[in-house]
Each structure stands twice: as C-alpha cells, then as structure tokens.
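Engineer: The structure follows.
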Amino acid sequence: MKLVEPIIAFQSELQQIRRDLHAHPELCYEEQRTSDVVAAKLGEWGIPVVRGLGQTGLVGIIKNGSSERAIGLRADMDALPMQELNTFPHASRHPGKMHACGHDGHMAMLLGAAHHLASHRNFDGTVYLVFQPAEEGGAGARRMIEDGLFERFPMEAIYGMHNWPGAAAGTLSVREGPMMASSNEFHVTVKGKGAHAAQPHKGIDPIMIAVQIAQAWQTIVSRSKSPLDTAVLSITQIHAGSATNVIPDEARMVGTVRTFTTPVLDMIEQRMRLLAGNIAAGFDAEVDFVFKRNYPPLVNHAKETAFAVEVMQAVVGPDKVDADVEPTMGAEDFAFFLQKKPGCYIFIGNGDGEHRDGGHGLGPCVLHNGSYDFNDNLLPIGASFWVHLAETALPRS
C-alpha cells in the first residue's frame, strides 16, 4: 500500500475523533453537535468553513496556487434511529440513535485528508470538503444542491466513499454506470365495504382484493420487465382489520421498488397503478395509490470512474481493487450529486467484524445492525485515497 506517512502518524487522533462522533450520534437534520465538531477541527487546521447548506451541512475550502480548477470530496454525517447493542466505551450515549452505517468513519477519513491537504498543499486548485447531512432517508444531498452547493462552490467533479462490510478490509471497489439502485416507496389503500365476517356477501372485502393486487404485481417483475433489466418489488407491510368477525372497510399495503434505470421504474409504477385500479374496480372497490420516488439510481460517470480506479490502484495496489464490483439494490443520495455533476462513488472494504473491540454486540458487523462498528484501520487508507485523488486531479505545474 502507498499510504501517506503523515496520515499514518495522525491515525490515533483520527480514531479519537471517529469514536467521539460514534458516541454522539445525531439523526438527519439534527447534526448540530456533529457539524460543530467538524467545523471546529477544520478551523483549527486553518480551513475556511461555510455552514448552513442543507440546514446542518457544511463545506470546507482548501485552496492553493492559481488554478481555477476544483473538485469536491463528500462525507455523510447522520446516524440511524436504532438501538446500539455494543457496550464498548465509545458506544452510543443516546438511546435509540446509532452510527450503524459508518458515517462517523466517513467523516474521520475526510478530516484526515483535510488535515494533510491543508498542511502540505501539494496541489494547484481548490478542494471542497462536503460534509452532508441527512443521507439516511432525508435527501440531504438534494437539500445542499437546492441551497446552491454547486453554484457557490463550482467544481468540475465530486467523489464519495462508503465502507462495505463483508469485503476484505482496505480493499477498494467501484463500477462504471449504475452501482446502486433507486429507492422508491408505495402506499396503497384498498377501500371496500365493511361487513360481518359471517355475511361477506353484504360487504366488499378489501383484504381479498389486496391479496389479488399483491399477486398481480409480482407478474410485473416476471412478465412485464425484460429479463436483462434488474428490479425489486417488495410488499413489506399489509395492514387490515381489528377483529376476527369483522370484514374491515380498508386494507393498506406498503413496500419498496428498486431499479437501476428510470425507464424501468416508470414502467413499474405505471403497471402497479393500472393493475391496482383495475383489480379494485373489478370488485366494486376503490384504491388510493401513492408512489414516492425517494432516491434516483446512483450512476458513476465513465471518465471519473476510470480516474478513481487509477488512484485506487496506486494507493492499495491493483490486487486490492475491484473495478467491476457487483451492483447493489441499496440506495444512496449521492446519486443526486451525480445527476448534477460528473463524479464517482466507491466502496472501501470494512472486513467481517474482527476489528471490533471487546463489548461488541453478538450480531454481525453489517450495515444497519446494532452490533456494527466502523473499522478504524481504514482511516489512513481512506484518507490517503482522498489525498492522492486530490493531488492527482489538481497537479502542481
């Protein structure tokens, strides 16, 4: 590995920062203390900071030389509304809140790069450090864009990184094109006519209609979509009824749809709406159909991905880089950035959990699990990647 020596020497301080952030998790758009900690560190290292983008987001600015070129490096800041099962000293001090996705580590890696870039300034141009709120369902990336991120901080490309449990610690992976899916949700209410369960002919049973709709929807994926396209349609909740002898007035279905392309998503939404309405009408019922598009597909740009692969190989070696990683049906709001600017999003392997301190939970070390913890051994690797990427993208003449 070609790690940056001063960052290796700085690892213990980065670990302290990461573990402090882990112990004080804040949910989307509540990241006030988190933002304060990040801004204080950047200020301590002489890096100007602009706050308030996306409510609690901030941008650090490291400028050197005379070039007008600029790139952005992004880390997300928010935690999840879930209970931590770990009991080690840096476990969450806020019940029901946890850094179970590694955003604490993402911030620490970018802070490590910021410290080095500000101290050595071996580049010509501007590096924007984008600390983004509300990735976990709050679309903080979109909020920062709406607040003028790219107008106020003009950059030619933006890059992001996420830890990936299960991949060997310190390996780096990416793929050109769609790498993460769109995230969408539906809320469908079938409105029937309540009746006594012993006299079903006097009512319109919304439960049986919902079952018919649910079964018909599965044919969208198996029969309406090309086998070469990827999509998931999952009904995750069905709510109806309150007594064993009552046919209810309504039945509600909730779930998610994931795709890698917008045309496939358009088709699925259209077919879901058509089938639900027609099936309900066939039983003299009505249906309320709400389809919410949360995050678009995350699509890496070709030029920036190829560039990122070169930097990845330079930092960890070609044998530790997967440039054609399998895409995931998980979603990421970094996708909003990539709709507006060229860029690339990569994964850094977090290992299988052997790094966890004593007192970790009995569950696996996977994302969104109460036993998860970020691997601090990644801090110099991720920070070194950011430094090499910035210095290579903005070379000194």
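Engineer: With just the Cα atoms defining each centre, how far is region 376-397 from region 1-76? Give it in Å.
Structural biologist: A separation of 14 Å, based on Cα centres.
Engineer: Nearest 500 deg cm²/dmol is fine: what mean residue ellipticity at 222 nm does the chain get from its DSSP H runs of n ≥ 4 alone, each adding -39,500 (n - 2.57), divided by its residue count?
Structural biologist: Computed mean residue ellipticity for the chain: -10500 deg cm²/dmol.
Engineer: Angle check, please: helix 262-282 long axis (alpha carbons) against the longest principal axis of the chain (alpha carbons), in degrees 0 to 90, nearest 10.
Structural biologist: 20 degrees
Engineer: Explain nothing, just the number: dipole magnitude of the chain about its Cα centre with +1 on each Lys and Arg Cβ and -1 on each Asp and Glu Cβ, in debye rounded to the nearest 20.
Structural biologist: In debye, rounded to 20, the chain gives about 560.
Engineer: What are the GluC sites (Glu not before Pro) within region 1-91 that DSSP puts in a loop, where the Cβ has at most 13 other Cβ atoms within 10 Å?
Structural biologist: Glu68
Engineer: Moving to a separate point now. Pull out the extension gain between Lys340 and Ser119, defined as 0.36 nm times the separation in residues minus the alpha carbon to alpha carbon distance; nm, one decimal.
Structural biologist: In short, 76.5 nm is gained.
Engineer: Let me ask another. In region 190-225, which residues have a backbone nitrogen under 13 Å from the label point lying 7 Å from Asn245's Cα in the Cα-to-Cβ direction?
Structural biologist: 196-199
Engineer: Using modelled backbone amide H atoms (1.01 Å from N, in-plane), which distant-in-sequence or interchain residues come within less than 5 Å of Asp76's amide H?
Structural biologist: Gln132
Engineer: In addition: From the backbone phi of region 77-85, what are the Karplus-calculated ³J(HN,Hα) couplings (6.51 cos²θ - 1.76 cosθ + 1.60, θ = phi - 60°) in whole Hz, Gly and Pro given as x?
Structural biologist: 10, 7, 9, 10, x, 8, 8, 7, 9
Engineer: Right, another one. Please determine, in degrees from 0 to 90 and to the nearest 10, the orientation of helix 11-23 with respect to the longest principal axis defined by the Cα atoms of the chain, where the helix direction is its Cα long axis.
Structural biologist: With both axes taken from Cα atoms, the answer is about 30 degrees.
Engineer: Something else about it: Using 0.36 nm times the number of residues separating Thr219 and His368, minus their current alpha carbon distance, what extension gain do you get?
Structural biologist: 50.6 nm
Engineer: Step through the residues of region 94-106 one at a time and calculate ³J(HN,Hα) from phi using the Karplus curve (6.51 cos²θ - 1.76 cosθ + 1.60, θ = phi - 60°), rounding each to whole Hz and writing x for Gly and Pro.
Structural biologist: Once θ is set to phi - 60°, the couplings for region 94-106 become 10, x, x, 9, 7, 7, 9, 10, x, 5, 4, x, 4 Hz.
Engineer: Moving to a separate point now. Among Ile207, Ile17, Ile346, which one shows the biggest mean-square fluctuation in a GNM of the chain, springs joining Cα atoms closer than 10 Å?
Structural biologist: Ile207
Engineer: When P(r) over Cα pairs in 10 Å bins from 0, in percent is calculated directly from the model, which label among [x] 5, 26, 38, 26, 4, 0; [y] 4, 18, 22, 17, 13, 10, 7, 5, 2, 0, 0; [z] 5, 21, 28, 22, 13, 7, 3, 1, 0 fits?
Structural biologist: [z]
Engineer: How do Thr87, Thr328, Thr126 line up, fewest other C-beta atoms within 10 Å first?
Structural biologist: Listed from fewest to most nearby Cβ atoms, that is Thr87, Thr328, Thr126.
Engineer: Counting pairs of alpha carbon atoms under 8 Å apart in space and at least six apart in sequence, what relative contact order in percent does region 183-295 give?
Structural biologist: 44 percent
Engineer: With θ taken as phi - 60° and the coefficients 6.51, -1.76 and 1.60, list the Karplus ³J(HN,Hα) couplings across region 159-164 in order, rounded to whole Hz; mark glycine and proline as x.
Structural biologist: Each residue of region 159-164 in turn: 10, x, 8, 9, 5, 9 Hz.
Engineer: Quick one: helix 206-219 against the long Cα principal axis of the chain, what's the angle to the nearest 10°, folded into 0 to 90?
Structural biologist: Compared with the principal axis, the helix lies near 50 degrees.
Engineer: Now for a different question. So the label point goes 7 Å from the Cα of Glu185 along Cα→C-beta, right? Which residues of region 209-245 then have their backbone N under 17 Å from it?
Structural biologist: Answer for region 209-245: 233-239.
Engineer: Please list the non-local residues whose amide H lies under 5 Å from the amide H of Gly57, H modeled 1.01 Å from N, same-chain partners needing a gap of 5 or more.
Structural biologist: Those lying under 5 Å, H to H, from Gly57 are Gly52.
Engineer: Give me the one-decimal nm value for the distance between modelled label points at Leu274 and Ile61, 7 Å along each residue's Cα-to-Cβ direction.
Structural biologist: 5.2 nm
Engineer: Could I ask something else about it? Say a paramagnetic label sat at a point 7 Å from the Cα of Arg69, along Cα to Cβ; which residues of region 365-397 have their backbone N under 19 Å from it?
Structural biologist: Only 385-397 fall inside the zone, counting backbone N under 19 Å.
Rule-based calculations on the coordinates, nothing more; no lab input. Just so we're clear, the structure is a prediction, and the values are computed from it rather than from any experiment. We place every Cβ from the backbone using ideal geometry, glycine too, and count neighbours over all the protein chains shown.
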